[in-house]
Amino acid sequence: MTRLARPEDMPAVLGLRHEVFVLGQGVPADLERDEFDDVADHAVAERDGRVVGTGRLLPDGTIGRMAVASAVRGQGIGAEVLARLEDRARERGLPSVELHAQLHARAFYDKAGYASYGGVYVEAGIDHVSMRKQLR
């Protein structure tokens with residue numbers, strides 16, 4: 001099941017992000033958690049009562065912090081989370097969404113209808129590209 005997160009989900013959301021970004025990718029912990037968590041809409045994917053996927057939508061329409069537990073990657077969970085965040089953006093009346101994709105995930109976002117713009121840049125020590133999708 002994929003849904004918008006409730007306040008009580010946040011420890012699991014932050015734990016998953018720590019596992020994926022800090023432990024898995026070496027992102028500094030002080031960069032992974034920021035002040036935008038408090039104003040974002042978060043989505044969670046659950047399997048067997050456990051949060052295994054997450055992402056967030058900022059008020060300006062930026063999607064980020066997309067994370068899926070390594071044990072369940074390749075099962076469509078990331079696509080479910082992304083779709084829920086896009087639905088939330090539509091509910092809020094946003095005409096488009098943007099994100100900063102890690103280069104290794106670019107094909108995932110291409111498949112979901114995102115178009116890249118600009119060049120490659122480094123964010124948190126990882127190569128990224130900016131991408132945008134028009135919502136209908």
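The values are calculated or read from the model by the stated rules, or taken from the named source; none is laboratory data. All of these numbers come straight from a predicted model, not from anything done at the bench. All Cβ positions, glycine included, derive from the backbone under ideal geometry; neighbour counts span all protein chains shown. Note: accessible area is taken over every heavy atom of the protein model, side chains too, but ligands, DNA and RNA are not part of it. Shrake-Rupley method; radii C 1.70, N 1.55, O 1.52, S 1.80 Å.
Data table
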| item | result |
| --- | --- |
| Hits in the stretch 78-88 - residues which are buried (at least 21 other Cβ atoms within 10 Å of the Cβ), without any contact (Cβ under 8 Å) to a residue 60 or more places away in the chain and among the aliphatic types (A, V, I, L, M) | Leu82, Leu85 |
| Per-region count, the stretch 1-31, residues at pLDDT below 95 and assigned to a helix (DSSP H, G or I) | 3 |
| Any pair with Cβ under 6 angstrom, 6 or more apart, that starts in the stretch 29-48 at a residue that is more than 13 Å from Leu14 (Cβ to Cβ) and ends at one that is among the charged types (D, E, K, R) | Asp41/Arg88; Ala43/Arg84; Ala45/Glu80 |
| Selected residue [open to solvent by less than 50 Å² (accessible area, probe 1.4 Å) and over 22 Å from Arg132 (Cα atoms)] from Val72, Val44 | Val72 |
| Pairs where the first residue, in the stretch 54-73, is acidic (Asp, Glu) and the second is not in a loop (DSSP other than H, G, I, E, B), C-beta under 9 Å, 6+ apart | Asp60/Glu98 |
